[in-house]
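As structure tokens, the structure follows; a few thoughts come after it.
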Amino acid sequence: MAVEEYKDKLPLKIQEELNEIIPKNTAKSKLNMINEQVYKEYMKMKVEPGEGVGLVAAESIGEPGTQMTLNTFHFAGVAEMNVTVGLPRIIEILDGSKAISTPMMEIYLKSPYSKGKNIKELATNIKETTLKEAAKEISVNISNSTIEITLNMEKLKILNLNVAKLAKQLNESTKGFHVKAADDSISFKPRSKNTELNEIFKLKEKLKDVYISGIKRIKQVLPVKRGDEFVIITAGTNLHEILSLDFVDTTRTTCNDIYEIVEVLGIEAARQTIINEVSKVIDAQGLNVDIRHIMLVSDLMCHNGNIKGITRYGVISEKSSILAKASFETPIKHIINASLVGEEDKLNSVIENVMLNQPVPIGTGLPSLVSRKVPE
Amino acid sequence: MTEVYLNSKFIGTVEDSTAFVESMLSERRKSKFSNSLNIFSDKENDMLFIEASKGRLRRPVLVVKEGKSLLTEKHKAQITKKEISWGDLIDQGIIEYLDAAEEENAYIAFREGDITPETTHLEISPMIIFGLCTSLVPFSNHTPPTRVNMGSKNQKQALGFYAANFLLRMDMDVSILETPQAPIVESIMHKISNYDKHPSGQNLVVAIMSYKGYNMEDAIIINRGSVERGIGRSTYFRPAVAEELRYSGGLIDEICVPDKDVKGYRSEKDYRLLEEDGIIYPEAKIKEDDVIIGKTSPPRFLSSLDEYSLASNLRRESSSTIKHGEKGVVDFVLITENEEGNKLIQVRLRDQRIPEIGDKFTSRHGQKGVVGLIVDHADMPFSASGITPDLIFSPHGIPSRMTISHLIELIGAKVGALSGRFIDGTTFDSEPEKALRDELLRMGFRENGTETLYNGETGEMFETRIYIGNMYYLKLRHMVANKIHSRGRGPIQLLTRQPTEGRALEGGLRLGEMEKDTFVAHGASMLLKERFDSDRTVVPICETCGLLAVYDEFKKRSFCPMCGENTEVSNIEIAYAFKLLLDEIKSFGIYPQLKLKNKY
């Protein structure tokens, strides 16, 4: 049990832990002593002024990174789905790349569905379906220059579509054709008489990829069992539309595209996503990196409300020192740009001082004497 | 119709290619025509290739007829009695050479027992698939090929008795092992190559155990007693050369004790070992900076030879000295002439190398290691019969590398040492392991090669029995004495004023960028500054313009080339590399102004 006196001094997590561990009927004096000791230990664990936390974080993530390089690009256990893991993924996250190589979502479901109700159906309905998936055959009738599409009726049934509905949809997404619906087929006939056959073939290729149902950009779905509930994992992301579905548990559903998270859920969620994604990769490799290092990097990437990668266009460009920027990448560019506006380097940080061989303002180099003038 | 090509040129066709090839072969085996002719029948494309051209790679195999090798016991007896030779076997068609193409038509059995009715040829020995060095690895059929390969490569680096006339040679950078031995476990290749005439290792008593952790990570421990008795001693030779070169204008180098007025004269002490002719005497003990051959050269540029100075003090010093960090004894001095008729002096230096911590040793199975500790004989573990190992090898080197041949050699050599004979360890044809173990048992040892050992320091018995036996160990040419280097101060580079790099230039080891990071991470700010002080400079800065000022040593005052003398000039301490950076920035037209501020 935490004592009143320490309620504000100790973090919640530690208080909870104390509540759990210490027996209920402990004497007040003993409790006080325990709390005091815990507080002392807690204060000892705090980072001291002048500690080079950024550099320690960089090295703590960078060093295990050297061990990862060799075992990358293997499949992350989930059947049939290829996932970028290892160093390439870490680079992707920390660089803040806009187009990640394997966008994925984990969709958690609300109560009746999470137990597995209609799980297959839900999954197929989420998936972006194109015409070629719903068609048995797409062929060109050369004699009367039409495109005949024989439909897979079973598939249509699962997708909650009928031929007429589909024909209407297709009519909207194509121009210059008569769309005619039959029992289990749809035919396209050009309006103008002298349409070239070439164009018809082109249209046929286009038709194959016409969107007919599901949620856009969700390329692949895979329902899996996590513990005792079902989760749908998808390749391709569309957080906005998925979260608006009524059977989705919006509190736990996530995706691994940080920019999409920022757009839909905001910067705090993105910060957490960066932490989660980086730790996921590191854990999968069997490496051990303290989460606080990752948190620091994540904070740095998100602190002004936008995501900035650890690149010369992102975080590095915000450095105040020209020499520090120049020592990262493209030094001449940075020096020339600085000279154009007459920038001044105050030599306040580490790298500049190493370059000039001055004491670095970190650790023992940080404190200096301040004296007060005695009034005469 | 089969097309026939002779040396890749079309010459005609034959009706029945099979019969044609057969008759060709039988005629060749009867030596009706040259045995360097090969014939290849390409059934798929219906073509026949007869090759008699130069430069084909060919190899000998035994001919098999009707499921039987043509080489019979009778031949073998004749060979042993030296009645017939290799050439006779070829003439009789018992051995023939196949080239790469004809091999395609052959069906070669690996061993005599593998012969089937389809077999056309038999390997002379299964071991023939290996080259010379690889054949020298005993029992190598019990070890992964990667390790056999390493073992064979290691042997090429072994020190030994490389040439009997080594005393007359002026080889660069060579060593001679002082007491080499022929291996107890040998293969047939040792006999073929007369290995006992030029051996390169020694038979040591090896125990596979740990010893206070000093043989972790492939290190080995050796017995000081054994070292003192001569194990692994080698002599290292290195020549020093000087030549009296001739230059244009009739100028010439002169080998002599340099005059004191020569440009670049060293101290008198450095020349003390030279005799009147300017050459060192044999058996002189030399160490760092000593001159071996004194020499003076004419001035580098003739233009500098002006009328004011005397010609003699313009000559410069160009003696040969011993390299930094080396020592030795002058072994041999040779005064001769080279092709151009210039006087040529060659001096060979000798240095005895006694094994020390850091020297590299290996067995023949790719199990190389560096000496981690030299233990007094008294402290080495000993067996009931009083045997102490010469070398202790770590058991952790075995499981992941799977060098079983290493283990078998140990037993084999133990048997050989006890029974006083050589053990045949030829790959695929060795004495069976079982027989070796039985023999060991008969001689009163445990058949698995283990013995009870006692702690050399306390005398206590080790609870575990230790695998101990003999092995052939090689000393490799990588010795610490040739590699060790460190520096506290020393020469710097001209441009950057940073310390030189590399052992030859008296350099140390670089404290790089990532090493720097560890200093920062520890907050050891002042230590970091001190480490990077190697190119520290104090430069005067003009406070008006913020650029480098000049200090005039004669007038004892500073001025700024831009602002003149009426300006405040302050000295600051920076890295010389940073001064260079400022210069470079200036060179592309940017004005890097330094604004000075008092630190306190």
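A short reminder: the numbers here are calculations on the coordinates, not readings from a lab. Just so it is clear, the model here is predicted, and its values are computed rather than measured. Cβ: placed from backbone, ideal geometry, glycine included. Neighbour counts: every protein chain shown.
Percent of C-alpha pairs per 20 Å bin in chain B, short distances first: 14, 29, 31, 20, 6, 0.
All Cα-Cα separations within the protein assembly as shown were binned at 20 Å from zero, giving a P(r) of 9, 19, 27, 30, 13, 2, 0, each value a whole percent of the pairs.
Each part reduced to its alpha carbon centroid, segment A:82-135 and segment A:234-285 end up 11 Å apart.
Largest GNM mean-square fluctuation across A:Leu55, A:Leu203, A:Leu170, computed for chain A with C-alpha springs under 10 Å, falls on A:Leu203. When you restrict to C-alpha pairs under 8 Å that are six or more residues apart and normalise by the size of segment A:129-213, the relative contact order lands at 38 percent. The count of lysine pairs in segment A:253-339 whose Cα atoms are under 16 Å apart, excluding pairs fewer than 8 places apart on the same chain, comes to 4.
Between the DSSP loop rule and a limit of at most 12 other Cβ atoms within 10 Å, which GluC sites (Glu not before Pro) in segment B:419-461 are left?
Values: sites: B:Glu433, B:Glu439, B:Glu447, B:Glu451, B:Glu457, B:Glu460; in loops: B:Glu447, B:Glu457, B:Glu460.
Taking segment B:419-461 and a limit of 12 other Cβ atoms within 10 Å, the loop GluC sites (Glu not before Pro) found are B:Glu460.
In a DSSP loop and with at most 15 other Cβ atoms within 10 Å, the GluC sites (Glu not before Pro) in segment B:75-164 are B:Glu83, B:Glu104, B:Glu118. Among residues other than A:Lys208 with Cβ under 12 Å from its Cβ, the summed charge is 0 (Lys and Arg +1, Asp and Glu -1).
With the convex hull of the Cα atoms taken as the outline of segment A:129-213, the averaged projected area works out to 4.8 nm². Using a Gaussian network model of chain A in which every pair of alpha carbons under 10 angstrom is joined by a spring, one finds that among A:Ser29, A:Ser139, A:Ser192 the greatest mean-square fluctuation is at A:Ser29. Shown for the protein assembly as shown: cysteine residues without a partner Cβ closer than 4.7 Å, namely A:Cys255, A:Cys302, B:Cys133, B:Cys256, B:Cys545. Distance distribution note for segment B:2-124: the fraction of Cα pairs above 21 angstrom is 42%. The residues A:Ser349, B:Ser210, when put in order of fewest to most other Cβ atoms within 10 Å, stand as B:Ser210, A:Ser349.
Pair-distance distribution of chain A: all C-alpha pairs, bin width 10 Å, starting at 0; shares per bin in whole percent are 4, 15, 18, 19, 17, 12, 7, 4, 2, 1, 0, 0. Mean residue ellipticity, 222 nm, helices only, the protein assembly as shown: the sum of -39500 (n - 2.57) across DSSP H runs of n ≥ 4, divided by residue count and rounded to 500, is -8000 deg cm²/dmol. Within the same chain, lysines fewer than 8 places from A:Lys9 are excluded, and of the rest, those with a Cα less than 24 Å from its Cα are A:Lys24, A:Lys28, A:Lys30, A:Lys40, A:Lys44, A:Lys46.
The lysines within cross-link reach of A:Lys373, meaning a Cα-to-Cα straight distance under 22 Å and a gap of 8 or more places when in the same chain, are B:Lys597, B:Lys599.
Within the same chain, aspartates and glutamates fewer than 8 places from B:Lys579 are excluded, and of the rest, those with a Cα less than 17 Å from its Cα are A:Asp345, A:Glu352, B:Asp533, B:Asp535, B:Glu543.
Shown here for segment A:183-283: GluC sites (Glu not before Pro) in loop regions (DSSP other than H, G, I, E, B) with at most 11 other Cβ atoms within 10 Å, namely A:Glu196. As a proxy for reagent exposure, B:Leu37, B:Leu89 were ordered by neighbouring Cβ count within 10 angstrom, fewest first; the result is B:Leu37, B:Leu89. Across segment A:4-45, the convex hull enclosing all Cα atoms gives 66 Å³ per residue.
Non-local lysine pairs in segment B:235-353, meaning eight or more places apart or on different chains, with alpha-carbon distances under 24 Å, amount to 25.
At 37 °C and 0.692 mPa s, what whole-number value in µm²/s does Stokes-Einstein give for the translational diffusion of segment A:188-322, with Rh from the Kirkwood sum over Cα pairs?
It diffuses with D of about 174 µm²/s by this estimate.
Hey, fewest Cβ within 10 Å first, where do A:Phe230, B:Phe422 land in order? Before the final figure, lay out each step's value.
On the way: A:Phe230 21, B:Phe422 17.
Listed from fewest to most nearby Cβ atoms, that is B:Phe422, A:Phe230.
Put the Cα centre of segment B:63-138 next to the Cα centre of segment B:467-521 and the gap is 53 Å.
Using the Cβ-Cβ distance between B:Ser570 and B:Ile492 with R0 set to 25 Å, the FRET efficiency works out to roughly 0.45. Only Cα pairs under 8 Å and 6+ residues apart enter the sum, and on that basis the relative contact order of segment B:513-587 stands at 27 percent. If you run the Gaussian network model on chain A, springs between alpha carbon atoms under 10 Å, then out of A:Tyr42, A:Tyr259, A:Tyr211 the most flexible one is A:Tyr42. Take the convex hull of the alpha carbons in segment B:235-353; its mean projected area over all directions comes to 8.0 nm². When only alpha carbons of segment B:374-516 are considered, Rg and Dmax amount to 23.5, 74 Å.
For segment B:386-487, the relative contact order is 24 percent, taking Cα pairs closer than 8 Å that sit 6 or more residues apart in sequence and dividing their mean separation by the residue count. Close amide H pairs (under 5 Å, H built 1.01 Å from N) link B:Leu349 with B:Arg238, B:Ala240, B:Asp331, residues at least 5 positions away or on another chain.
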